[in-house]
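I have placed the structure first, in the form of structure tokens, so that the comments after it can refer back to it.
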Amino acid sequence: MVKIQHLFALIVSFFLCTEIQATHIVGGEVTYRCLGNNNYEISVTVYRDCDTGVPWFDNPASVGVFDANNQLLMDLRLPLRNNDTLDLFLTDTCFVAPPNVCIHKTTYLDTVNLPFRVGGYQLVYQRCCRNQDIVNIINPLGTGATYMVNIPETALNTCNSSPVFRDYPPVYLCRNVPILFDHSAFDLNGDSIVYELYTPFDGATPLNPMPQPPFNPPYTPVTWIAPYSLSNVLGGTDVLRIDPQTGLLQGTPTIIGVFVVGIRALEYRNGQLIGVIQRDFQYAVGECGRRDNAAFFTPTVVCNDDLLVSFQNTSNSFSGDYRWDFGDLNTVADTSRLQNPVYIYPDTGTYTVRLIVAPTSTCSDTFYRTVRVQYQSLNPQFTANINSCSDRATVTISNVTTDSLFAVNDFFWDFGVANINFDTAQGRTPTYTYNSSGTYVIRMWATAANGCRDSITDTVSFNLVNARLNDTSWACPQSSFIQLNPNTITSGQNYSWSPPTGLNNPNLPSPLLSPLPAVPTIYTATVTAPSLAGSNLTCTSVLSTVVAVPPPLTVDIITDTSTCAAAVLVTAVPNQPNVDIEWASNVQFNPVVSTQNPYNYQIGGLGMVYVRATDRYGCQDIDSVRITTGSFGVATNFTHVLGACANPRALQLLNLTTDTSRGAISSYQWTVVAPPNSSLIYTSTATNPSFNLNVSGVYTVTLQATTVQACVGFAQSLITVL
């Protein structure tokens, strides 16, 4: 148990560690600077996602120093010094990125003495795992990163320092906004630099996310996932590319996501490659909003007698500075600095309204909207009428809408039914049918030819009849009564049944009818639903059902029987076709053991078999039989006669006695086994067999008898022969 618990804890800790170590790596690079006397300052820069990434930066960071044969020479442990949060550096200062974009940076520094070595040195830092949101490589959550730099022999001989990238690329890119970034590097020695994209390397693993020391070279590149590749890292048509001479990075991201990118700077001196630095980083591409985005709402046509227009400001603004111009050219004071102003126009007409957000900022934004202001001459009026109702109510509209100046040419209706998308209709006088009781507010919007619009409501209330009757109510012939409308759910509604003859109460929802009618008879129920409070509308339905008695149903099965077989086939014979048959061993039919007909009854001694037939009207009949079985007896004291003492002796078995209640015997099987010191066995199928016995001793005589009903009986006796 202890071992199992330890194993479970190990498994849990593995998954927890995998999760904890798995989401923070964003990028990194390794550079070096020669200090003289074979001393080199090693710089390792690491970037992490400070929004979703855990844990914190390594402290210390393990940097492995390998020779040209990939053998570990040293494990440098670089302490954590500081960290910083990078600026987003959006290409347009008026853009804003989502608030959860955040990148931390730290740089580890240490000095190490590296004497000349054939083949030079490889400096390596590794970590796992990459950001789980990356979309352009396979399994980023299980993929590590390797940041490395080579110090070749030439660099050792000349005290060379590696190039250093001038700036970190933008953390966040706006979708559909072109990239134009100087990704060049600075070289202390004035060497020539050539730039290219490269495929970054995998590194540490989820099982060992922080190897100390790092794994030995060589390292495997990450795997691009289609359709991404080194030639199209971000996807889209304007692919990411870098100018090999200037380091200018260009392209237009069109796909939202997080993308791994690798940039390599190759250092040349006198045409000879003497060093390479490489940066592995990620781009987050998303939608960018503007710092200040102007927008407002008001109807395009405003109709009222005082010519007052309200404006709803829907802008995004960091400054909260708004400048309104209401387009009234005849008035100087048609401006406002309120967030949601109102303005009273001096006359009807069409006006162009302007809103400027952050007018003094370089990120200011302007929005225009045209408004037509008119006097209201529209008078919407309608009445909703329900003349009668039953289990549904149909509303008809009497529309008397007028306009003193313009034609009214458009109507839009909402009949107030919640959660139904098709309760609207166009037209002057629509109709609508309700299927549920309740109070409904009907609203009409009317629009005149001049664009003015107004609305009005009316209310209808009703309590619908909630009742259903079967077309035919079948009463089984053996029943003494029938209940009309047995499954009613119409509690609280009033019933009146006709004819009342034979009903125990004609005003009940479900009365009893007795005796049953001799011929099919129609019974009618008038159902009335009480009016809702405040409404004079009463809903009524007249429903009917035919009470009829179907032909009697009977079912018969075979008579009582006895058998010695293991099973017997019993058959039910109903007097009607298409009935349901059920078999059971008790009259309660609990459980039902079969619905097959015939039914293969498995015999287990004395038993009753019940059958139930049910017709399509629900009427039933039950029959039963008794099936018995028992042992078949064969007498054990059958007589035998021994012959003379001289050999061979003759044994004759006679006067067999049997239980004849199971029927006549159809076959015999005799077996005579000689004494133990003899291997003789005698058999016979004769009724009265004879055997010649030539060995003294005790013989075992066995008889198996079978009747014509397949009953089997056994008898056995011992015979001594001297």
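The values are calculated or read from the model by the stated rules, or taken from the named source; none is laboratory data. Nothing here was measured: the structure is a model prediction, and the numbers come from that model. Ideal geometry is used to build each Cβ from the backbone, glycine not excepted, and the neighbour counts take in all protein chains shown. For the accessible areas, the whole protein counts, side chains as well, though only heavy atoms, and no ligand, DNA or RNA atoms are used. Shrake-Rupley method; radii C 1.70, N 1.55, O 1.52, S 1.80 Å.
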- Task: Please calculate how many Å² of accessible area the chain carries per residue, with a 1.4 Å probe and no DNA, RNA or ligand atoms counted.
- Result: 50
- Computed over the Cα atoms of the range 404-476, what is the ratio Rg over Rh, Rh following Kirkwood? 1.25
- Message: With a cut-off of 8 Å between alpha carbons and a minimum separation of six or more residues, what is the relative contact order of the range 301-438 in percent?
- Response: 20
- Item | Per residue convex hull volume, Cα atoms of the range 242-304, in Å³ | 147
- Over the chain, what is the percentage of antiparallel beta bridges among all DSSP beta bridges, to the nearest 5? 95
- Query: Each residue of the range 262-276 in order: what ³J(HN,Hα) in whole Hz does its phi give by Karplus 6.51 cos²θ - 1.76 cosθ + 1.60, θ = phi - 60°, with x for Gly and Pro?
  - Reply: x, 10, 10, 10, 9, 9, 10, 9, 6, x, 10, 6, 10, x, 9
- For the range 215-228, what does the Karplus curve 6.51 cos²θ - 1.76 cosθ + 1.60, with θ = phi - 60°, yield as ³J(HN,Hα) per residue in whole Hz, taken in order and with x for Gly and Pro? 5, 6, x, x, 10, 8, x, 5, 9, 5, 9, 4, x, 7
- Task: Find the centroid of the Cα atoms in the range 491-569 and in the range 155-191, then give the distance between the two in whole Å.
- Result: 92
- Estimated dipole of the range 538-629 in Debye, rounded to 20 [Cβ of Lys and Arg +1, of Asp and Glu -1, Cα centre]: 100
- Query: With Rg and the Kirkwood Rh both taken from Cα atoms, where does Rg over Rh land for the range 296-352?
  - Reply: 0.96
- Message: Let me check against my output: what whole-number percent is the relative contact order of the range 405-525, with C-alpha pairs under 8 Å and at least 6 apart?
- Response: 18
- Relative to the longest principal axis of the C-alpha atoms of the chain, give the angle of the C-alpha long axis of helix 2-20, reported between 0 and 90° and rounded to the nearest 10°. 40
- Item | Carbon and sulfur %, accessible surface of the range 478-537 computed with the full protein complex present, 1.4 Å | 56
- For the range 252-368, max minus min Cα coordinate along each principal axis, in Å, sorted largest first? 85, 27, 22
- Mind grabbing the base-10 log of I(q)/I(0) for the range 432-536 at q = 0.17 Å⁻¹? Debye formula, identical points on the C-alpha positions, no solvent, two decimal places. -0.86
- Expected field for ARG77, accessible surface area in Å² at 1.4 Å probe radius, rounded to 10, holds 110
- Message: Sort THR563, THR707 by heavy-atom solvent-accessible area, probe 1.4 angstrom, most to least.
- Response: THR563, THR707
- Query: What ranking do 514-524, 179-189 get when scored by the average of other Cβ atoms within 10 Å per residue, highest first?
  - Reply: 179-189, 514-524
- Message: In whole Hz and in residue order, list the ³J(HN,Hα) couplings for the range 135-145 that follow from phi through the Karplus curve 6.51 cos²θ - 1.76 cosθ + 1.60, θ = phi - 60°; x for Gly and Pro.
- Response: 10, 9, 10, 7, 6, x, 5, x, 10, x, 9
- Message: Across the range 186-279, what fraction of all alpha-carbon pairs, as a whole percent, falls in each successive 5 Å bin from zero upward?
- Response: 2, 11, 17, 18, 16, 15, 13, 6, 1, 0
- Task: Output the relative contact order of the chain, whole-number percent, from Cα pairs under 8 angstrom with separation of 6+ residues.
- Result: 7
- Query: Check TYR699: other-chain or 5+ apart residues with amide H under 5 Å from its amide H, H built from backbone geometry?
  - Reply: ILE719, THR720, VAL721
- Item | Residues with amide H under 5 Å from that of LEU680, placed H, sequence gap 5 or more | ALA674
- Message: With n ≥ 4 as the cut-off for DSSP H runs, can you work out [θ] at 222 nm for the chain, using -39500 (n - 2.57) per run divided by the number of residues, rounded to the nearest 500?
- Response: -1000 deg cm²/dmol
- For the chain, what class follows from the C-alpha gyration tensor (a ≥ b ≥ c being the square roots of its eigenvalues): rounded when a/c is under 1.5, otherwise prolate if a/b is larger than b/c, else oblate? oblate
